[in-house]
Every structure is written in structure tokens, then in C-alpha cells.
Amino acid sequence: FIEKISTSRSNVCKSISEFKFNKKRVRVLSKAKDFPEDSQGVVYWMSRDQRVQDNWAFLYAQKLALKMEVPLIVCFCLVPKFLEATIRHYHFMMEGLKEVEQDCNKLEISFHLLIGYAKDVLPQFVTDNDIGGVVTDFSPLRMPMQWVDDVTTAIPKNIPICQVDAHNIVPCWEASPKLEYGARTIRNKIHNQLSGYLTEFPPVCVHPFTPKEKPQSIDWVKIEASLTVDRTVGPVDWAVPGSTAGLQMLESFCKERLKYFSKDRNNPNKIALSNLSPWIHFGQISVQRSILIVKQYRSKYKEGVEAYIEEAIIRRELADNFCFYNKNYDSIEGAYDWAKTSLKLHEKDKRKYLYTREKLEKGQTHDDLWNAAQIQMTIEGKMHGFLRMYWAKKILEWTGSPTEALETAIYLNDRFNLDGRDPNGYVGCMWSICGIHDQGWKEREIFGKIRYMNYDGCKRKFDVAAFVRKYRGK
Ligand code: FO1
């Protein structure tokens, strides 16, 4: 299965030189549009999409480097802190980056791990190495957007910098030019454009132009030891980092779980999910590859394939749309007016239970299902998708205000889930707590018009006691 993908990556650069790249995937960020003459290389500044193959930003950078007949150099800027990330996340990311380094080596492409914020290290690298152009990938989150702005300002004005959306299938800025109301309004916009983007990737090939100097070998152990991130939340054992392991997880999804995906994906006791979100979050595998492969099972598991397409394309791209076009994507301010008014009206409603962040973090509430979900996230680094909704809604019910609830949900999600710190996570918390991409429901205490969920509803959907038993005493 995986071999099939890698053998199709024959190392003939002709195919990528001749490949007609869909330019709508690219945004030029600088005033400079053309490469300066006599440059010594093109840099792919990798950030969100941490893989070599199946990466449109990587491919675009290689295409430019081939055209200019210069070396291709990959830089990753390792920042000392990213939101609530702990060693669990940095470990997963760095193990994946080791594989990127090895894959680059095989293809005669240099990989540099620069330590620090891009604005402090990348412009210098560009000048020192006579780089003629920079290509980077795309994330709609505030902080990575700022990194890109800072670098665009700091690099010499004659060096073009452009951005390729290597994460979404339909690039975020092409899917829609505005903030969408919900899946209902973005679905057709995406489906109508899909055929232009859901195409096979050409392979990144052995690069024929090599830099004068080889990069210094990276001391990964030393770098990981020097990180000052929180070490109390450790790596998880079920998820092996890196693109190869990500593709293996995709394979097991197609062969073992896709057949149950449409029927059982909302049942936390069933093994029916793709479980791919950690690898997708860190860009270790591409959503587009997962769709190209899952689609091959259409005749066998039609409903599963359609449900997966809805989740992996429509819902995921809707989350990027929300974060890209709404600067308040992680605060109550970012909610619709009806939701803000309704939550405000009920802000002072009496709460039967009030828990501190510490109690919640330890899974010490009166609700055994909630505690089990929290423990699942704490130890496995991934809470089941269905429970994420129930979990966040209960935080709204049991904390002092909607603002506190949202902050707490985002804090816990970012701290423990491998796929936290992602547009999907912010949108999930915002959907549950302040009704984005949802409609108003019957008014009730605390929630106002925000959709309510309760324990009995969960009992009707799945065997709550069985789920609780699984995490008891852990
Ligand atoms: N991207 C980087 O370019 N440098 C980093 O040091 C870095 C750390 C990091 C830690 C946790 C995490 O979840 C993501 C991290 N990213 C990093 C990736 C990236 O910025 C995000 O995946 C996207 O912004 C999400 O859209």
C-alpha cells in the first residue's frame, strides 16, 4: 500500500519541470515578483506542512529551483513556545522532522533546523546563502500569520516570497473570499472547485543542483533536551510520529475502520475513526493524499467514503475559513450576535456545579462520562470526536462565565490533544460553547440559545458505562 505510493515517486525531475502547477494554490506576498539574477538557491520555509512528498509548497519550491537552476533548501524554524504545546507535541513534531531530514538527504535537498523565531533567523539565512526566493506554506492562525508577515518585512526587498496552501485541497482563499456561515454555505463552493485541485501529486525528485556546503548534522537529542516546554505532559504510545507511520494509520483506516465510519463514528466505544488528526495537524500526511486513497474504496464503502469526505474536506476547510476570516476565532467576540446576546443574558444564571481549572484538568467532576473523556485526552492525547462536543458544553455549564469556559476548553484541548493548536480545535470549542456554524435552539438556563447536550442523550447513543469502565482508575 505505502510502497505503491513511494514507487510511483520515480525520481525523474522532468515530470515536475513539465508539470503544470495550478497557480491558484500560490499567493505572492512580496512586492518583488521576479528572482534576482545570480542567486544561489530557493528556500522552502516549512512550517505547517512537515512532509516531503504530497506537499504542494515543496513542489512549487522545487519547480522554481529547477527553473532557476539552483539548489533547493528546506528551513524549519523551531520556536521555543507555541500556544500550550508541551513535550508531547514537540516530541511528535521533531520525530516527524527527523524523517523529513532523511527524506531530504535522499533527494539531495538540504534541510536546516533553525532555532528561534523566523524573523530572527530566516532573513539572515537568506542573505548569507544568496537565496533568490522563499516559498512557505499556509496556516490561518494568528501566530503563524504574524511569523510570515514579519519575514516578508524583514527579507531584502528584491527577494520574492510566496505562500502555497499545502494543507487544504481547495486553497483557503479560493474556497471562499469571505467568512462563511456554516457547512451549508461553503459545501457547494468547495465541491464545485474540487476537480481543479483534487489531482495526483507529481513526486518531489532528486534535486540536480546541490549547495556548495552541506548543512551541519542536526543534534536532535541535544535540541530536544534544550527545549524549555512543559515536560509533565509526555509522549503517547499509540501514535508513532512521522509520515511513514501516518500513511500506515491511513492504510489501517481504509482496511479496517472505513467500513464502520459512517455508522459508528459517533460511538466512542467503537473503533471506527480514521485517527489521522495528529499526523494531519503536523502536516506529516496530506489530507489530499488521504482523500485520493479513501476514494478508491467508494464502490465498497460508499457511505463511509462520503462521510469521510464531508469531515476531512468540508468541515476541515470550513475551520480554516473561520480562522482566516475571523480575527476573533478563539474568543466569544467571534460568535454571531444572536449567540453573544443570548449568552450575555444568561451569564449570571445560577450554576449547580462550579469547577476550577485544576479540578477539570484532573477529571474530578461529579460526571463519570466527562471525567472519562478528560482522562482519555490526558493519557492518549486524543479525545473521541463525539465526546469533544459534550465535554466542551459541560465546561460552559460548570464554569463562571462563557469567556472562562471557552478559555478553559481551549487551554485543555491545546495542552493535551496532539491535534490541538489547530483551526479544527478552535472551531470545535467555538461551536460547542458559542454556537458558531450552528443555529439557535430552544432557550434554556446558562446555555441561552446554544445547543444543549446531556448525559441521558449520550446514554441513548452509546453504552456510557462501558466507556467509563475503560478509563476508571487511570
Ligand atoms: N511550526 C513552526 O514553524 N515552528 C515550530 O516550532 C512549531 C511548533 C509547533 C508546536 C506544536 C504545534 O502543534 C505546532 C507547531 N508548529 C510549529 C506548527 C504550526 O504552526 C501549526 O501546526 C499551525 O499553525 C496550525 O495551523
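Before moving on, here are some points about what is shown:
- Some residue of region 54-63 being in a strand (DSSP E or B), more than 13 Å from P203 (Cβ to Cβ) and open to solvent by less than 10 Å² (accessible area, probe 1.4 Å): no
- Within region 364-474, helices (runs of 4 or more DSSP H) holding 1 or more residues that are hydrophobic (A, V, I, L, M, F, W, C), closer than 30 Å to H167 by Cβ and away from the ligand (no atom under 16 Å from the Cβ): 368-380, 385-398, 402-416, 423-434
- Meets criteria (small (G, A, S) and loosely packed, with under 13 Cβ neighbours inside 10 Å) for S195: yes
- Region 105-124, subset more than 11 Å from the ligand (Cβ to nearest atom) and surrounded by fewer than 16 Cβ atoms within 10 Å (Cβ to Cβ), residue farthest from the chain's Cα centre (by Cα): Q124
- Qualifying residue in region 125-134 (condition: closer than 26 Å to L227 by Cα, surrounded by 19 or more Cβ atoms within 10 Å (Cβ to Cβ) and in contact with an Asp or Glu (Cβ under 6 Å, 6 or more places away or on another chain)): no
- Exclusive hit being crowded, with 21+ Cβ neighbours inside 10 Å and over 25 Å from L141 (Cα atoms), set K394, K461: K394
- Criterion violated by Q102 - all others in (1) more than 10 Å from the ligand (Cβ to nearest atom); (2) surrounded by 18 or more Cβ atoms within 10 Å (Cβ to Cβ) satisfied: (2)
- Cβ separations smaller than 8 Å between residues 6+ apart or across chains give the following pairs from region 96-122 residues that are farther than 13 Å from M46 by Cα to residues that are polar (S, T, N, Q) and within 16 Å of the ligand (Cβ to nearest atom): E99/S243; E99/Q284; D103/S243.
- D264 vs. criteria within 21 Å of F467 (Cα to Cα) and surrounded by fewer than 17 Cβ atoms within 10 Å (Cβ to Cβ): no
- Complete set of residues in region 135-163 that are open to solvent by 50 Å² or more (accessible area, probe 1.4 Å) and either within 15 Å of the ligand (Cβ to nearest atom) or of a type in the set (V, I, T) (or both): R142, M143, M145, Q146, D149, T153
The values are calculated or read from the model by the stated rules, or taken from the named source; none is laboratory data. Keep in mind the model is a prediction, meaning the values are calculated, not measured. A quick note on method: Cβ atoms are made from the backbone with ideal geometry, for glycine too, and the neighbour counts reach across all protein chains shown. Just so you know, the surface numbers come from the protein's heavy atoms only, side chains and all, with ligands and any DNA or RNA stripped out. Shrake-Rupley method; radii C 1.70, N 1.55, O 1.52, S 1.80 Å.
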